[in-house]
Structures are given as structure tokens and as C-alpha cells.
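Just below is one structure, and these are the notes that go with it.
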Amino acid sequence: MSRNREAKRAAIVLVSPAMLLLFALNIFPVLYAVYISLHHWSLASPNPPRFAGLFNYQELWYDGRFSNSLGVSATFIALAVLIELALGFGLAFLFNRKLRGLETLRKLSLLPVMAMPLVVGLVWFYMLNQNFGVTNWVLSLFGIGAQPFLTDGTLAMLSVVLADVWQWTPFVMLVIFAALQSLPEYVFEAARMDGLTEREIFRRITLPLLRPAILVVLVIRAIDAFRMIELVFMMTKGGPGGSTEVLPWYIYTTGFLSLDLGYAAAMAVVMIVLVTLGAQVFVRKIADPGAA
């Protein structure tokens, strides 16, 4: 009994620093955001913060700009993640072949992932700018007029999606490629001996075995895309007309430009809840493929 108690005490001592660090860096900021969201707290007002209860959350229900930012974020996530998954899946199968030069090309394809998102946004801004962008210059060589890539609502959204796809498709490719490398070869040999075609092997063996890796990469990319703000900040500033105003950008402008900390915190809390619920659905799918 005494040894068990000593072991428990030693475990608590060893785990405590990590738990305190976790609390300081993750749990406390969330709790403080909830506290701020329950107050009228504006740095532009000389009045001290006042308790408001759920007033800020009620205002979100009637805020058309908030609902628009949620829709824009959902559109961005759907387009970017699905395109990245499709391209990354295809590239993973391509690089999985034993052909000369593919190994070097695979290493070079990972370079975009190493770039800072702010730098990526700045590069794509200069490339797609209507006045001096290199993309419009190339189009002019073929007699095509300057395109408003960053000033037209639809084109601006597609431009931000394109920049995100360019940077993060290699990450998806790397995860799927690693999963492909780990698949047992004897399973495919047995399937070929049983007379299955390559298409049947892909549909009935490869895809089911890759399912956990696909779900993991979907979780990571969906969460990362939901909190994306750097590309919008560098490329469009949420315009034109709110067509690229994702939820993190609306939170940023409300909290740091309009200085309404209470309302911005309420949006941040809602965002955390949405991300947590979405992640839980994917995690349950990974742990139990038959779960709803």
C-alpha cells in the first residue's frame, strides 16, 4: 500500500508541471475569453467593463455579418479541404510508384508547407494583383484583359482557396503517402491471387485501409482552414463586400480594430465550440467507423 501511495505521489509530481503548463497556455485563455464574453467590454469607451450576461451571444443571432462570416468560412473549408484531399490523394499515389526522379520531386513538393502563411499570402497578392500582378501580365500575352482576381467576389474567394491549396496540398499528400507506405503488401498479393482487378483492390482494400489516415488529415485541415486568417489579411482584407470575410477575420476586426472585446470574445467562444464539436464527430468516426 505504501509503495502504491509513493508511486501515485511520484506520478503527480512528474505530471504536475505539464498540467500546469497546459492550463496556463490552453485552458486559462479559454476561460478568460468566456469571462470577457459575458461583459460589455470596449477599449474605445471610458466606461469600465459591465456584466452583460448572455447579451453578446444574443446579438450574434441577429448579426448578419456574423452569419455571413460563418457561411464564408464553411465555403472556404469545403472548397479548400476537398480540393487538397483530391490533389493530395492523387499525388500520393503518383509518388508511391517506383519511377526515377519521383523521390526528388516529392521532396521539392514539400517546400510550400515550410513557408509562413503570411509570406504565402503576400506572394499571391503580388501575383494576382490586377494592376501589376504577374498573372495578369501573362494573360495579356495571350490577349486576355486584366482579371479582378482580388476585387471580384467570386474570384477573390477562389484566389484565397487557390493560395491555401498551393500551400497545404503537399501536407495532405505526405500523410496519405505515409499511409500507403505502411500498408501490408501481402494483402494486395493475396487479392491478386484471388483474381481481383486493380480497380477492385483499390475500392475494396486500399480505400478502407486508408480511411483512418484520410479522416485524420480531414480533421487537421478542416480545423486549420477554419482558423485561417493570414491569407485573407494579406490578400483581400475580407473584401470585396465581405465575400472573403471568414469568421477569424471578423473576430480580429471586431476585437482589435473596433476594440469591442466582449463581442469579439463571444464570437471566439462560439468558434471554439464549433471546432470542438466538429473535431469530436471526426474523432468518433476514426475510433468507430460505424458511429453516426
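The values are calculated or read from the model by the stated rules, or taken from the named source; none is laboratory data. The structure presented is a predicted model; accordingly, all values stated were derived computationally and were not measured. Positions of Cβ are generated from backbone atoms using ideal geometry, with glycine treated the same way; all protein chains shown enter the neighbour counts.
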From 33, 11, grab the single residue that is assigned to a helix (DSSP H, G or I) and at pLDDT below 85. 11
Among the residues of the stretch 274-287, is there at least one that is touching a Phe, Trp or Tyr at 6+ places or on another chain (Cβ under 9 Å) and either closer than 20 Å to residue 171 by Cβ or surrounded by 18 or more Cβ atoms within 10 Å (Cβ to Cβ) (or both)? yes
Exactly one of 138, 219, 165, 187 is modelled with pLDDT of 95 or more and assigned to a helix (DSSP H, G or I), and that one is 165
Scanning for something assigned to a helix (DSSP H, G or I), touching an Asp or Glu at 6+ places or on another chain (Cβ under 8 Å) and within 17 Å of residue 76 (Cβ to Cβ), does the stretch 228-245 turn up at least one residue? yes
In the set 196, 180, which member is at pLDDT 90 or above, farther than 24 Å from residue 78 by Cα and either surrounded by 15 or more Cβ atoms within 10 Å (Cβ to Cβ) or among the polar types (S, T, N, Q) (or both)? 180
Could you tell me whether residue 125 is assigned to a helix (DSSP H, G or I), more than 15 Å from the chain's Cα centre (by Cα) and aromatic (Phe, Trp, Tyr)? yes
Flagged in the stretch 151-193 as among the acidic types (Asp, Glu), over 27 Å from residue 111 (Cβ atoms) and in contact (Cβ under 8 Å) with a residue 24 or more places away in the chain, in numbering order, are 152
Say whether the condition of being touching a Lys or Arg at 6+ places or on another chain (Cβ under 8 Å), surrounded by 10 or more Cβ atoms within 10 Å (Cβ to Cβ), not in a helix (DSSP H, G or I) and not polar (S, T, N, Q) is met by at least one residue in the stretch 55-67. no
Which condition does residue 261 not pass, out of (1) buried (at least 18 other Cβ atoms within 10 Å of the Cβ); (2) hydrophobic (A, V, I, L, M, F, W, C); (3) out of contact with any strand residue (DSSP E or B) (no Cβ under 9 Å at 6 or more places or on another chain), if it passes all the others? (3)
When only residues in the stretch 141-162 that are of a type in the set (A, V, I, L, M) and outside any loop (DSSP other than H, G, I, E, B) count, which is farthest from residue 113 (Cα to Cα)? 141
With respect to the numbered conditions (1) surrounded by fewer than 12 Cβ atoms within 10 Å (Cβ to Cβ); (2) closer than 22 Å to residue 223 by Cα, which one is the sole condition not fulfilled by residue 107? (2)
Looking only at the stretch 48-99, count how many residues are over 24 Å from the mean Cα position of the chain (by Cα) and free of Cβ contacts under 8 Å to residues at least 40 places away in the same chain. 14
